[in-house]
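Since every read-out is calculated from the coordinates, none of them should be taken as a lab result. Keep in mind the model is a prediction, meaning the values are calculated, not measured. Because the Cβ atoms are built from the backbone with ideal geometry, glycine has one as well, and the counts that use them run over all protein chains shown.
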Amino acid sequence: MVTLKDLKVLVIEDDISESLDLLMKLESIGVQNIVTASTFEDSVEKIRTAQYDITFVDIMLNHQEKGLELAELLSLKSTPFITTTNVSDLSLFYDFKKYSPVAYFRKPIDPLELRFRLEFFAESQNKPKSNFLFHKNGTEYIKIEKDNILYVEADGNYATVYTKKEKKFIIRSSLKSLLQKIDSSALMQIHRKWVIRLELIDSYDNQTKKAVMGDLKFPVGRKFQSKLTKHLVNA
């Protein structure tokens with residue numbers, strides 16, 4: 001069972017006094033494994049080279065709004081994060097919201113609210129995730145293991161799931177709904193029609209905007225290109 005003392009926490013904060021304040025509050029509620037970073041470069045290095053249960057991200061680093069770049073990087077690594085800020089800016093809130101932070105705290109952080117948020121987060125880690133989904137085929141329900149999914153092709157209200165051993169399943173579902181059910185960071189949508197398994201990408205041509213997987217070539221939509229290239233660079 002995951003508790004607060006089991007959490008590995010990264011604190012990204014360039015102000016020494018505010019960093020110490022947060023560290024003391026975390027330690028007071030039982031968090032023991034805490035790593036800190038005070039610059040953008042150090043933060044990127046720590047995010048790339050280690051895995052954390054949750055990260056606190058300050059919006060402003062060295063007087064620059066670098067927190068958003070870190071939020072995107074954490075999102076690519078599927079690392080939950082909490083945003084901290086002294087800034088009252090609604091547009092910034094919505095910029096961070098698209099990366100689904102666990103919480104958005106104004107400084108100074110209230111110790112009781114901090115405890116509540118982290119307690120709920122720790123408890124959520126105790127809920128096992130299913131590694132399969134069921135596909136209804138007539139009167140039969142067929143199990144599809146998520147780890148066996150190679151890629152998915154969408155066509156309106158239907159999606160074709162291609163799996164290992166050359167099996168495919170046609171599912172009545174929108175791509176958005178199916179992705180929510182699959183809930184796997186190993187798969188990424190790269191086009192309005194395509195989702196592929198990231199580890200199977202052999203190459204990506206930034207000129208033709210095609211991702212290559214064996215003998216297959218997948219088009220990468222404009223709005224997905226940045227996310228894909230950043231993942232490949234940081235993988």
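A few notes on this one:
- 5 angstrom amide H check on Met213, placed H, neighbours 5+ away: Asp202, Phe218
- Placing +1 on the Cβ of every Lys and Arg and -1 on the Cβ of every Asp and Glu, with nothing else charged, gives segment 132-234 a dipole about its Cα centre of roughly 360 debye.
- Amide H contacts under 5 Å for Gly221: His191, Arg192, restricted to partners 5 or more places along the chain or on a different chain, H placed in the peptide plane at 1.01 Å from N.
- Given charges at Cβ of Lys, Arg, Asp, Glu: segment 4-124 dipole, positive-most of Ser88, Leu112, Ser100: Ser100
- Over segment 4-124, volume per residue of the alpha carbon convex hull, in Å³: 94 Å³
- In segment 132-234, taking the dipole from charged Cβ atoms about the Cα centre, the farthest positive-side position among Val233, Leu133, His191 is held by His191.
- Loop GluC sites (Glu not before Pro), segment 66-157, which have at most 14 other Cβ atoms in a 10 Å radius of their Cβ (DSSP): none
- Value of Rg to Rh for the chain (Rh from inverse mean 1/r over Cα pairs, i.e. Kirkwood): 1.02
- Segment 163-178 - phi-based ³J(HN,Hα) in whole Hz, Karplus 6.51/-1.76/1.60, Gly and Pro as x: 10, 5, 6, 6, 8, 9, 10, 9, 10, 7, 5, 6, 5, 4, 5, 5
- Where trypsin sites (Lys or Arg not before Pro) in DSSP loops with at most 14 other Cβ within 10 Å are excluded, longest remaining stretch of the chain: 1-97
- Computed over neighbours whose Cβ is under 13 Å from that of Arg192, the net charge equals +2, Lys and Arg +1, Asp and Glu -1.
- Flagged links, alpha-carbon separation over 25 Å, of Lys127/Lys165; Lys181/Lys209; Lys146/Lys193; Lys97/Lys181; Lys5/Lys98: Lys127/Lys165; Lys181/Lys209; Lys5/Lys98
- P(r), alpha carbons of segment 132-234 - 5 Å bins starting at zero, rounded %: 2, 12, 24, 25, 18, 11, 5, 2, 1, 0
- Axis angle, to the nearest 10 degrees, between helix 16-28 and the longest C-alpha principal axis of the chain: 80 degrees.
- Residue-wise HN-Hα coupling along segment 70-76, computed from phi with Karplus coefficients 6.51, -1.76, 1.60 (Hz; x: Gly, Pro): 5, 4, 5, 5, 5, 5, 5
- Scanning residues 5 or more positions from Ile54 or on other chains, those with amide H under 5 Å from its amide H are Lys8, Leu10, with H placed 1.01 Å from N in the peptide plane.
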